[in-house]
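Okay, structure first, notes after.
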Amino acid sequence: MPNLVNARRACSALALVAGFVGLTALSAGSAAAQPVSRVDASRLTCGALQDVLFDRGAAIVRSRSRVSGRQLWERYVSNRRYCFANEVTVYRDVNTVDTPYCSVLLCTERERRRFKSH
């Protein structure tokens, strides 16, 4: 009989741990699935835009092209951790209230090196 009691205690403890792990995974997944912020660069200073990226990690930024005047929507990041594994960061200039050349980071696909066959 003591073995049965110990087995029930072990099962209860295991169920408690499994429930906690599941709850932790669920909460971590929901944090990662939160929507990315959207900001309008034409209403922010360069410093404010860079602060948004630093605070949130990434944001969809609306800006106006200096060349065509069309509206652009791009996802800018604070550092490479917010890019996919096959991407690297490059600096791009965005039009803001105080400057047309606000440097922010954009994720872009890494160039593949092509080797010549001999």
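Since every read-out is calculated from the coordinates, none of them should be taken as a lab result. Only a predicted model underlies this, so the values are computations on that prediction, with no experimental measurement involved. Cβ sites come from the backbone with ideal geometry, for glycine too, and all protein chains shown count toward neighbours.
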Going residue by residue through the range 87-103, the Karplus relation 6.51 cos²θ - 1.76 cosθ + 1.60 with θ = phi - 60° gives ³J(HN,Hα) values, rounded to whole Hz and with x marking Gly or Pro, of 10, 10, 9, 9, 7, 10, 9, 10, 6, 10, 4, 9, 7, x, 10, 8, 7
Given backbone amide H placed at 1.01 Å from N, residues whose amide H is under 5 Å from that of THR96, ignoring those fewer than 5 places away on the same chain, are TYR101, CYS102
Protection proxy (average C-beta count within 10 Å per residue), highest first, orders 52-63, 101-112 as 52-63, 101-112
By the C-alpha gyration tensor axes a ≥ b ≥ c (rounded if a/c is under 1.5, else prolate when a/b exceeds b/c, else oblate), the shape of the range 68-115 is prolate
Summed over the other residues with a beta carbon less than 15 angstrom from that of SER78, with K and R at +1 and D and E at -1, the charge totals +1
Under the 7 Å Cα-to-Cβ spin-label approximation, VAL36 and GLU111 lie apart by a distance in nanometres of 2.3 nm
Two pseudo-spin positions, 7 Å from Cα along C-beta at ALA48 and at ASN79, lie apart in nanometres by 2.6 nm
